[in-house]
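These notes concern the structure reproduced below.
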């Protein structure tokens, strides 16, 4: 918030200073009018000053000024229209307006600090506390981006040249570095090379921004170790989402890998190598268990042997590729089959990589990491909502399907669907603008991320509707979870664009899945019914499908 | 996206420019009079023009007419900044080619999204 607020405060100060002159001019004009009542030129000039106050006060967070200005403007307009001398009460009103303006301007600044201390800090995003280093000789290229990142709780360091950037990195490596080319004291590529050579220098995400990027520049940028480049004029929203995506790359260690291998020694080797890198590994030796393993283990990547009992790896790969649900699932072969025909056959089966045994652990790990990263990127593009970074409706429903199928197979498995709808969202949008509505959705999704477990499935269901699937919790506990999110959200203070503070609530409907009688549509209808009941029940509450109010 | 702001009041211009630049990520060109605005519109070819209604010499409607007469600028959407809405007047400006209206005082934190919505960029 700092960059926008600093600029805003600076402009506001100038505004208040200039306004003092205006008020003085209004006072002078009133004095002249007293000597020459009914003088049209003076009245018109007076009206212009009031008009200016009316049009500007609200912009600087001083709605009182706008109100007083409008009153003054209307007064002058009336006097001009009827072309008559000013009455006693009109004089009094003019002077009262003048006094009120003086008071409003002298108190203008005192309201703000109070407001800031009342604000309850919200979890703003999963990037809270990340440090970002901006290197820009002009100090003007990154204002928009910096504001966006600060809003999400990241802290920004800003330097003007390569020397300061290096010093800053030596003191503490930031999570990401963005460099505007050209730099005054060194080549940006050299700077990146030097950062990459530092201890842990591989970790920060590094981007270039510049006006002229030819193909050779891009190659040089990548060669130096940068993660990407953006050509000015930059599409900042795209840049921000790319940056966030890359900053998440190290956090997602919990990848699940399914290995199909009938040789126990090989299976043990694969498991040991992958587990040493932090992956979760599930192994099957019988290819007939393949589908069951795909559905229950939900792997992020599959490693197959080619020669297996009964079925071949080719067939398993083709089986995956014919099903849309696994469109983004990477499939690797790890095999002794090294003839040309085998390579051709695996390419035809849609396999992502054909690795040959015996394999060196670093090669296996880098092949796996690269495929996982690529798949995560594609999945994000396909399945995440741009605003909230939650699952899209389609992606959420796909996951819901999976949960239903799982519960049908395993009756021990239970799941609840919670639909959440922000109360009076339409009015909020109409009153405070769509940007406010968006802000509320982002804030709610941040609260949800903090409250719920990483295994829960969260999606943006519709415009103002979010949805959660909570697995392995009894109804009572699931309701409690929803209640905690509701209380957190209701307690939060949101700052509206006009400076006022608003409280917003949501209503929620919860339905447990009964796998014996429900498919995914029916489950959803139950939750929707509960949500309607919550709305009818005065909002700001959680209701269950059976109608119990909590 | 590039926006031209035509307003004689520096306080309005600078806050609008900062708001569009910092909060909206837009490129901003400023003009302090109608004449200045007409020249800058032709020269910089913005994606939208924010035009103040009340200005000395050449006022908002007068500027609009000139912008719409010039083949170089007539396609650029013009959004009026008006302190008070007088429906009859707004209708007339629409028939003269104005794309939309924004109330003054505007909300600096929402200005860029309002402009985008009016010109249909979102």
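When only Cα pairs below 8 angstrom with a gap of at least 6 residues are kept, the range A:344-461 shows a relative contact order of 32 percent. Which residues does a label at residue A:21 reach in the range A:51-68, if reach means a backbone N under 19 Å from a point 7 Å past the Cα toward the Cβ? Flagged as within label range: A:51-57, A:60. Take the Cα atoms of chain A, build their convex hull, and give its volume per residue in Å³. Taking the convex hull of the Cα positions in chain A, it is 210 Å³ per residue. Averaging 1/r over each pair of different alpha-carbon atoms in the range A:503-550 and inverting the result gives 10.7 Å, the Kirkwood hydrodynamic radius.
In terms of its Cα atoms, the range B:2-116 spans 32, 32, 25 Å along the principal axes, sorted from long to short. Take each residue of peptide A:493-504, count the partner chain Cβ atoms within 10 Å of its Cβ, and average: the result is 1.
Working note: 222 nm ellipticity from helices only, DSSP H runs with n ≥ 4, each -39,500 (n - 2.57), summed and divided by the residues of chain A, gives -17000 deg cm²/dmol to the nearest 500. Note on residue A:380 and residue A:505: with the Förster distance fixed at 30 Å, the Cβ-Cβ geometry gives a FRET efficiency of about 0.45. Distance between the 7 Å Cα→Cβ label points at residue A:476 and residue B:90: 5.7 nm. Potential lengthening of the chain between residue A:275 and residue A:424 amounts to 48.7 nm, from the contour at 0.36 nm per residue minus the alpha-carbon distance. When both bridge partners sit in the protein assembly as shown, DSSP labels roughly 30% of those beta bridges antiparallel.
Run the numbers for residue A:289 and residue A:307: contour at 0.36 nm per residue of separation, minus the present Cα-Cα distance, in nm. Numbers along the way, then the final one.
On the way: separation 18, 0.36 × 18 = 6.48 nm, distance 1.57 nm.
Extra length from residue A:289 to residue A:307 when fully extended: 4.9 nm.
Cα centroids of the range A:352-419 and the range A:435-498: 22 Å apart. Computed over every Cα-Cα pair of the range A:393-544 and binned at 10 Å starting from 0, the pair-distance distribution P(r) comes out as 11, 42, 32, 11, 3, 0 percent. Note on the range A:2-115: Rg/Rh from Cα positions, Kirkwood definition for Rh, rounded to two decimals, is 1.04.
In the calculated pair-distance distribution of the range A:131-247, the portion above 19 angstrom amounts to 39 percent of the Cα-Cα pairs.
Just checking the output field for A:232-238: average partner chain Cβ neighbours within 10 Å of each residue's Cβ? Kindly include the intermediate steps, with their values, before the conclusion.
On the way: counts 0, 5, 1, 2, 3, 1, 0.
Mean shielding count: 2.
Helix A:434-451 axis versus longest C-alpha principal axis of chain A: approximately 40°, rounded to the nearest ten. Once both labels are positioned 7 Å from their Cα atoms along Cα-to-Cβ, the gap between residue A:102 and residue A:161 label points is 5.2 nm. Per residue of B:107-115, other chain Cβ atoms within 10 Å of the residue Cβ number 6 on average.
Write down the Kirkwood hydrodynamic radius of the range A:256-383, to one decimal in angstroms, obtained as one divided by the mean of 1/r over all alpha carbon pairs.
Its Kirkwood hydrodynamic radius stands at 14.6 Å.
With contacts defined as alpha carbon pairs under 8 Å and 6 or more residues apart, what's the relative contact order of the range A:2-115 in percent? Don't skip to the end; give the middle numbers.
Working: 86 pairs, mean separation 30.1, N = 114.
Taking the mean separation of contacting Cα pairs over the length of the range A:2-115, I get 26 percent.
For the pair residue A:517 and residue A:138, the difference between a 0.36 nm per residue extended length and the Cα-Cα distance amounts to 130.0 nm.
With the simple model of a label 7 Å out from the Cα in the direction of the Cβ, residue A:339 to residue A:387 spans 5.8 nm. Distance from the C-alpha centroid of the range A:66-90 to that of the range A:196-220: 63 Å, rounded to the whole angstrom.
Readers should treat all values here as calculations from the given coordinates under stated rules, not as data from a laboratory. All values reported here derive from a predicted model rather than from experimental measurement. Note that we place each Cβ from the backbone using ideal geometry, even for glycine, and neighbour counts take in every protein chain shown.
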